[in-house]
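Asker: The structure that follows is given in the form of structure tokens.
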Amino acid sequence: MFNFFTSTPRMAWMQTLAGLAFTCGTAASQDLAMRVADSNPLGIGNFVPTSMDLAEAAGTEVGIKGAFLYGLGLQTSYDSNFFLTDEDEEDELTLFLQPWLSYTSDPEGGAAFAFTANYRPAYNVYLENSDLNELNHSADVSMTWTGGLTQISAYASYQQLSGTDRLSGGFSSGEVFSGGLRATRQIAPRTSLNGALSYSQSSYSSGGQEGTGIFTGSFGGLWAATERTSVGSSIRYTQTESDNTGTRDAWALLAELRYQAGERIWLSASLGPEFSRDSESDGNDVGVRADIQARYIINERWSWVNSLGTGTVASPSDTGYLVNNYNFRTELEHQFIRGRISGGLSLDYSEYQSVAEVLEVRENEENLSLFLAYSRQLWSERVAFDTSVRYRVNSGDRDWSQWVLSAGLNIPF
């Protein structure tokens, strides 16, 4: 197995947990509107491992039972176009102060039952717009039970967020709640069934913006065609509700593919047509539903990650519009002895679909983001340092560009 960390097992796990706590915080709260479309925000049961999953695997050992950690994150960020305007741009310098608290019952893995909980209050301080200063709270819990042939997981997540949101066209404050239940069952040596139920709800404290409620249910099966490849299918039902758009009901018929080549290549693909009907116009529509994730570990130092996903939410600021969003992301990661650098791009195409009489015609939008990030451990590997630069350009109904530079420290105690 490729070992991405050189620190001791316990320290590697602490660094991973600390990094996760701060990464999920306010500093990453852009585009609040699309977060509600994620039916699995904690990544429970994902086939393709993340960088943090690999870090945890590299730092596991038997003997640590039940761990309670806490720490402090401090980050500063410069934004060249804080309100996402095409002219008269205003810059902003922001300070994020975030203590965090984490507990896991099974840090080394392997237990039949595992419980994890995180709490992250965050205070945002804006240099030029002090009236927007705000204390936000985020928390999540997850429970997983693994039997001989069955695995069942449940989770709940609550996030208060504030930051720029490209779909609402500027600064937004609000909250997102998500909860769900997931289960898999092995019914034959090469065949398994899976099912999931989830509900997500967003709401805004900003004036004139409406949130979205999304219920999702799915059921499917996988057959291991070879040692590396599993194929199957699933059916997915999604109900989207908002005061801006009414109710949208959608059924998707998906082909499923899982592929793993040793510990170097992972591919998870879900793709198929989606048939929808909205209550306002009583119209039918056919689209595409996709969720594709891949990771290729090129060698001990290099890794390449790709994803393609779709999601539908109600426009938070435009009555009568649904937003069908298509996102592609590619990232190249390089691991140093004591640090990590990564860079890539993310492309969003947002299609505005009118489902009622509208006062203003909205154009579709394209949003391209180029990013570069670096992180490493400092001072006997007790402090995590991270810095990043991101350039975004938006075209379509709104034309704007933005530079965001950030740097931060995260200290587990």
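Values in this text are rule-based calculations from the coordinates and carry no lab data. These numbers were taken from a predicted model, which means no experiment stands behind them. We place every Cβ from the backbone using ideal geometry, glycine too, and count neighbours over all the protein chains shown.
Asker: Assuming 0.36 nm per residue, please report the length gained on full extension of the stretch GLU300 to ALA356 beyond their Cα-Cα distance.
Answerer: 14.8 nm
Asker: Roughly what would the spin-label model give for ALA117 and TYR237, points 7 Å off Cα along C-beta, in nm?
Answerer: Using points 7 Å along Cα→Cβ, the separation is 3.4 nm.
Asker: Over the chain, what is the mean sequence separation of C-alpha contacts under 8 Å (at least six apart), divided by residue count, expressed as relative contact order in percent? Could the numbers behind the result be given before it?
Answerer: Values: 1144 pairs, mean separation 57.3, N = 413.
Value for the chain: 14 percent.
Asker: Further question: At 0.36 nm per residue, and after removing the present C-alpha to C-alpha distance, how many nm does the segment from ILE187 to SER281 gain when stretched out fully? Don't jump to the answer; show the numbers that get you there.
Answerer: Values: separation 94, 0.36 × 94 = 33.84 nm, distance 4.30 nm.
Length difference between fully extended and current span is 29.5 nm.
Asker: If you don't mind, there's one more thing I want to ask. Given axes a ≥ b ≥ c from the Cα gyration tensor, I'd like to know whether the stretch 250-347 is rounded (a/c under 1.5), prolate (a/b larger than b/c) or oblate.
Answerer: Details: a/c = 5.43, a/b = 1.98, b/c = 2.74.
Note, shape of the stretch 250-347 comes out oblate.
Asker: For TYR391 paired with VAL125, estimate the spin-label separation in nm (one decimal), with each label point 7 Å from Cα along the Cα-to-Cβ line.
Answerer: In this crude spin-label approximation the distance works out to 3.2 nm.
Asker: Dipole size in debye (nearest 20) for the chain around its Cα centre, Lys and Arg Cβ +1, Asp and Glu Cβ -1?
Answerer: The calculated dipole for the chain is roughly 2440 debye.
Asker: For the stretch 9-412, what class follows from the C-alpha gyration tensor (a ≥ b ≥ c being the square roots of its eigenvalues): rounded when a/c is under 1.5, otherwise prolate if a/b is larger than b/c, else oblate?
Answerer: Details: a/c = 1.61, a/b = 1.08, b/c = 1.50.
Because a/c hits 1.5 or more and a/b fails to exceed b/c, the stretch 9-412 counts as oblate.
Asker: With a 10 Å radius around each residue's Cβ, average the other Cβ atoms per peptide and rank 216-224, 109-117, 240-248, highest first. Write down the numbers at each step before the final one.
Answerer: On the way: 216-224: 17.3, 109-117: 14.1, 240-248: 20.2.
Answer by packing, highest mean first, reads 240-248, 216-224, 109-117.
Asker: If one computes the Cα centroid of the stretch 153-170 and of the stretch 271-327, what distance in Å separates the two points?
Answerer: Cα centroid of the stretch 153-170 versus Cα centroid of the stretch 271-327: 17 Å apart.
Asker: Then there's this: Ranked highest first by average number of other Cβ atoms within 10 Å, how do 157-163, 199-205 line up? Before the final figure, lay out the partial values.
Answerer: Details: 157-163: 21.4, 199-205: 18.7.
Most protected by this proxy first, the peptides run 157-163, 199-205.
Asker: Please label the shape of the stretch 254-413 as rounded, prolate or oblate, based on the square roots a ≥ b ≥ c of the eigenvalues of the alpha-carbon gyration tensor (a/c under 1.5 means rounded; beyond that, a/b larger than b/c means prolate, else oblate). Kindly include the intermediate steps, with their values, before the conclusion.
Answerer: Details: a/c = 2.91, a/b = 1.62, b/c = 1.80.
Here the stretch 254-413 falls in the oblate category.
Asker: Which order do the peptides 300-311, 172-183, 335-346 take when ranked by the mean count of other beta-carbon atoms within 10 Å per residue, highest first? Numbers along the way, then the final one.
Answerer: Numbers: 300-311: 17.0, 172-183: 19.8, 335-346: 15.2.
Averaged packing, sorted descending, gives the order 172-183, 300-311, 335-346.
Asker: Treat each spin label as a single point 7 Å out from the Cα along the C-beta direction, and report the THR247 to SER206 distance in nm.
Answerer: 2.9 nm
Asker: Round to the nearest 0.05 the FRET efficiency obtained for LEU257 and LEU372 when R0 = 35 Å and r is the Cβ-Cβ distance. Kindly include the intermediate steps, with their values, before the conclusion.
Answerer: Values: r = 31 Å, r/R0 = 0.90.
It comes out at approximately 0.65.
Asker: Something else now. Return the calculated 222 nm mean residue ellipticity for the chain, to the nearest 500 deg cm²/dmol, obtained by summing -39500 (n - 2.57) across DSSP H runs with n ≥ 4 and dividing by the residue count. Write down the numbers at each step before the final one.
Answerer: Details: 3 runs with 27 residues, N = 413.
Only helices count here, giving -2000 deg cm²/dmol.
Asker: For the stretch 61-159, what's the relative contact order in percent, using C-alpha pairs closer than 8 Å and at least 6 residues apart?
Answerer: On the way: 214 pairs, mean separation 21.9, N = 99.
Relative CO of the stretch 61-159 lands at 22 percent.
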